[in-house]
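To keep things clear, I will list the structure first and then write my remarks on it.
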Amino acid sequence: MFPRLRGALSAVLIVLTGLLAPCATLAGWAMHGPADTGRYVATVAPLADDPDVRNSAADTLGSGFAGIVGEATAGPVNGTVRLFVRDAARSFTRTEAFHEGWDAANRTVHATVLRALRDDATAGRAVTVDLAPVTERVRDRLAEDVPFARRIPVRHTAVTVLTAHQADRLREGYRVLDVAAFWLPLAAVVFAVAGIAVAARRRRAVTAAGIGTALGGALLALAV
């Protein structure tokens, strides 16, 4: 009777190991994968070549440059100048300077969001970022090909990335993932060791634990 009870307990622990292993892997990836700024920047880098992104960036840049020209000339910008500025902005989105600016902006935003999620003192505050350093970097890069680009002013403007409500919700989720990424792998290991230790036939228990973990990994791979 006692060996049968040990076998049943071992089976339960090994089943829990098989269930927890893929969850632990997923929690660990969700915690550390997207938190890698370099990986994030590399992932979104191809979007700089997307036509929709380029058109949106060109419209925003064109409006901004038109406003600068209007301030410099102290008067409204006529249609010809506006058209020229728009075409210049579209041409700029095809340059290496635009790609460098895109990567720099995403790196800055990602790092700012991570700092906000990890700091409980920022609760109740919106996440903002000042892209002036990125603007200056793009301007200097552009000036290598277009000398008058150095006249483009660099303005410090706080851009809202996440509202206070959105940031607080993400911070709560980030905290849950942080806990899960630590405890789930630990629990899976403890259950596996305990399941093998209490088993009447430990060699069979080791095999079962390996098969269960492999099946859990296969299901996770299919789900992903």
Next on the checklist: I'd like to verify a number: residues in the stretch 146-200 that are farther than 30 Å from Ala88 by Cα and within 18 Å of the chain's Cα centre (by Cα), how many?
Outcome noted: 16
Next on the checklist: Just to be sure before I move on: is Thr80 of a type in the set (Val, Ile, Thr), over 14 Å from the mean Cα position of the chain (by Cα), open to solvent by 80 Å² or more (accessible area, probe 1.4 Å) and modelled with pLDDT under 75 in the structure I sent?
Outcome noted: yes
Next on the checklist: Exactly one condition in (1) at pLDDT 90 or above; (2) of a type outside the set (Val, Ile, Thr); (3) exposed (fewer than 14 other Cβ atoms within 10 Å of the Cβ) is false for Arg151; which is it?
Outcome noted: (1)
Checklist entry - Would it be correct to say that Ala111 is at pLDDT below 85 and either part of a helix (DSSP H, G or I) or surrounded by 14 or more Cβ atoms within 10 Å (Cβ to Cβ) (or both)? => result no
Item to check | Tally of residues being under 18 Å from Gly28 (Cβ atoms), touching a residue at least 24 places away in the same chain (Cβ under 8 Å) and of a type outside the set (Val, Ile, Thr) across the stretch 184-222 | outcome: 10
Item to check | Scan of the stretch 21-37 for residues that are part of a helix (DSSP H, G or I) and without any contact (Cβ under 8 Å) to a residue 12 or more places away in the chain, ordered by number | outcome: Trp29
Next on the checklist: Would you confirm whether or not the stretch 33-45 contains a residue that is open to solvent by 60 Å² or more (accessible area, probe 1.4 Å) and modelled with pLDDT under 85?
Outcome noted: yes
Item to check | Single residue of Val129, Val159, Val134 found to be in a strand (DSSP E or B) and crowded, with 18+ Cβ neighbours inside 10 Å | outcome: Val129
Checklist outcome for this item: Per the list (1) crowded, with 18+ Cβ neighbours inside 10 Å; (2) assigned to a helix (DSSP H, G or I), residue check on Ala221 breaks on (1)
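The values are calculated or read from the model by the stated rules, or taken from the named source; none is laboratory data. Computed from a predicted model, the values in this text were never measured in an experiment. Positions of Cβ are generated from backbone atoms using ideal geometry, with glycine treated the same way; all protein chains shown enter the neighbour counts. Side chains included, ligands, DNA and RNA excluded: accessible areas come from the protein's heavy atoms. Shrake-Rupley method; radii C 1.70, N 1.55, O 1.52, S 1.80 Å.
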